[in-house]
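Q: One structure is given below, represented as structure tokens, and several questions about it will come after.
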Amino acid sequence: MIETLYKTSSPTTERSECFVLVLARRAGKQERYVFMEEHGYWDEKMERFIHRVTSIHADEELTYSEVHSMYADAKRRLAELGFIYVFLHDSSHNESACGSIV
């Protein structure tokens with residue numbers, strides 16, 4: 001599952017500050033999962049969009065429950081910071097959705 005959270009309901013590609021949350025099953029590892037959080041923002045000095053991984057949990061033997069808890073905690077923290085507009089991409093079903101999380 002990949003979810004992108006914005007502070008605006010009308011995000012501009014490669015311009016709007018966002019956080020990307022990723023919850024995925026580890027390749028080759030049965031019933032082990034990874035969680036990653038990435039921050040994206042426009043850098044005025046460099047005049048380009050920057051992506052920085054702010055959190056990654058891929059080397060641990062994490063269960064779905066553990067990773068889902070990390071995912072939910074990150075989403076709650078970001079919502080408290082005003083990142084309430086979501087773009088969700090579910091690659092397993094090749095579907096996308098968007099809307100507010102509050």
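Every read-out reported here was derived from the displayed coordinates using simple, explicitly stated rules and does not represent laboratory data. Owing to the predicted nature of the structure, the values given are computational and were not obtained by experimental measurement. Heads up, the Cβs are rebuilt from the backbone with ideal geometry, glycines too, and the neighbour counts pull from every protein chain shown.
Q: In a shell of Cβ-Cβ distance under 10 Å around Val20, excluding Val20 itself, what net charge do Lys and Arg (+1) and Asp and Glu (-1) give?
A: Its environment carries a net charge of -3.
Q: Multiplying the sequence separation of Leu88 and Ser55 by 0.36 nm and subtracting their Cα-Cα distance, what value in nm do you get?
A: Computed gain between Leu88 and Ser55 is 10.0 nm.
Q: Kindly identify the stretch 27-73 as rounded, prolate or oblate by the Cα gyration tensor criterion: order the square roots of the eigenvalues as a ≥ b ≥ c, call it rounded if a/c is under 1.5, otherwise compare a/b with b/c, prolate if a/b is larger, else oblate.
A: prolate
Q: Short version: ³J(HN,Hα) in whole Hz for each residue of the stretch 42-48, in order, from phi by Karplus 6.51 cos²θ - 1.76 cosθ + 1.60 (θ = phi - 60°), x for Gly and Pro, what are they?
A: Each residue of the stretch 42-48 in turn: 7, 9, 4, 4, 8, 6, 7 Hz.
Q: Separate question: Could you tell me how many cubic angstrom of Cα convex hull volume the chain has per residue?
A: That works out to 116 Å³ per residue.
Q: How would you order 41-54, 69-82 from highest to lowest mean count of nearby Cβ atoms within 10 Å?
A: 69-82, 41-54
Q: Let me ask another. Roughly speaking, what is the stretch gain from Ala72 to Glu14, that is 0.36 nm per residue apart minus the C-alpha to C-alpha distance, in nm to one decimal? All intermediate terms of the calculation are to be shown ahead of the outcome.
A: On the way: separation 58, 0.36 × 58 = 20.88 nm, distance 2.50 nm.
Between Ala72 and Glu14, full extension yields an extra 18.4 nm.
Q: What is the sum of charges around Leu5, taking Lys and Arg as +1, Asp and Glu as -1, for the other residues whose C-beta is under 13 Å from the C-beta of Leu5?
A: Details: positive: Lys7, Lys75, Arg76, Arg77; negative: Glu3, Glu17, Glu37, Glu38, Glu80.
With Lys, Arg at +1 and Asp, Glu at -1, the neighbours total -1.
Q: Sticking with this structure for a sec: Using 0.36 nm per residue of separation minus the Cα-Cα distance, give me the extension gain between Ala79 and Lys7 in nm, one decimal.
A: Value of the extension gain: 25.0 nm.
Q: Helix-derived [θ] at 222 nm for the chain: sum -39500 (n - 2.57) over DSSP H runs of at least 4, divide by residue count, nearest 500?
A: -5500 deg cm²/dmol
Q: Sticking with this structure for a sec: Which value, in debye to the nearest 20, describes the size of the charge dipole of the chain about its Cα centre when Lys and Arg Cβ atoms bear +1, Asp and Glu Cβ atoms bear -1, and nothing else is charged?
A: The dipole magnitude comes to about 60 debye.
Q: Round to the nearest 10 and give me the degree value, 0 to 90, for the angle of helix 64-80's Cα axis relative to the longest principal axis of the chain.
A: 20
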